[in-house]
1. How many residues, within region 76-92, are in a helix (DSSP H, G or I) and surrounded by fewer than 11 Cβ atoms within 10 Å (Cβ to Cβ)?
2. Going by the structure shown, is residue 84 under 30 Å from residue 175 (Cβ atoms) and touching a residue at least 12 places away in the same chain (Cβ under 8 Å)?
3. Are any of the residues in region 127-138 closer than 22 Å to residue 13 by Cα, buried (at least 20 other Cβ atoms within 10 Å of the Cβ) and in contact with a helix residue (DSSP H, G or I) (Cβ under 9 Å, 6 or more places away or on another chain)?
4. Identify, please: which residue in region 50-70 is assigned to a loop (DSSP other than H, G, I, E, B) and touching a helix residue (DSSP H, G or I) at 6+ places or on another chain (Cβ under 9 Å) and is, among those, farthest from residue 27 (Cα to Cα)?
5. Among the residues of region 21-34, what is the count of those that are touching a residue at least 24 places away in the same chain (Cβ under 8 Å), within 19 Å of the chain's Cα centre (by Cα) and either crowded, with 21+ Cβ neighbours inside 10 Å or in a helix (DSSP H, G or I) (or both)?
6. Among the listed residues 73, 104, which satisfies the condition of being in contact (Cβ under 8 Å) with a residue 24 or more places away in the chain, within 30 Å of residue 51 (Cα to Cα), within 14 Å of the chain's Cα centre (by Cα) and in a helix (DSSP H, G or I)?
C-alpha cells in the first residue's frame, strides 16, 4: 500500500478507509458499483490534473493517477461485499486480513477524499539554492519526496512507497517566478 514517510499523524476522522484493486480502466464503474451497494459509502479513483501539449498548444486534462485502484470511505466497521462488484479483483487487506487502511495509508486516503478525489495543480518556484519549493497545492505535503522536476513540462516527480514497492509518479504544477 501507500506509505508517505514524512506524515506521521493518524487521520482524525469518523470514517474508515479502504482500497479495492480492480481491472484497469474500470475504476469509475467499480466506484459507482461500491456506492450503489451501500448507502453512505463514498468511493473514488484518484484523479490528477495534468498538462498536455497538442500541436504546440498547452492545456490541462484530468487522468487517473493510480490505475486499477479505487479508494472508499465508510462509517461502518464491516467491509463492502466484493462478490457483487463487477470488475473488482479484491479488497486490499493487511496481514491478518484487516481491510481498513491504517497509518500512512489512511492518511493518504483521507487526503484524497479531502481533495474530492482530484489532485489539482500546485504552485512552485526555485529557492536561492536551486531547490524546488512548493508554495501551495497538493504537492506542498509531498515536497520532501520530490526527486526531480520538469520545468518545461510543468511536473514534479515524487517517490512514494506503494504496495510494498517504490512508485514514482509525475504531478503537475504551475511555475511561479
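1. Within region 76-92, residues that are in a helix (DSSP H, G or I) and surrounded by fewer than 11 Cβ atoms within 10 Å (Cβ to Cβ) number 1.
2. Considered against the rule, which asks whether it is under 30 Å from residue 175 (Cβ atoms) and touching a residue at least 12 places away in the same chain (Cβ under 8 Å), residue 84 comes out as no.
3. Scanning region 127-138, I find at least one residue that is closer than 22 Å to residue 13 by Cα, buried (at least 20 other Cβ atoms within 10 Å of the Cβ) and in contact with a helix residue (DSSP H, G or I) (Cβ under 9 Å, 6 or more places away or on another chain), so the answer is yes.
4. Filtering region 50-70 for residues that are assigned to a loop (DSSP other than H, G, I, E, B) and touching a helix residue (DSSP H, G or I) at 6+ places or on another chain (Cβ under 9 Å), the one farthest from residue 27 (Cα to Cα) comes out as 66.
5. The qualifying residues number 6.
6. Of the residues listed, the single one that is in contact (Cβ under 8 Å) with a residue 24 or more places away in the chain, within 30 Å of residue 51 (Cα to Cα), within 14 Å of the chain's Cα centre (by Cα) and in a helix (DSSP H, G or I) is 104.
None of the figures in this text is laboratory data; all of them are computed from the coordinates on show. Predicted model, so just to flag it, every value in this text is computed and none were measured. Ideal geometry is used to build each Cβ from the backbone, glycine not excepted, and the neighbour counts take in all protein chains shown.
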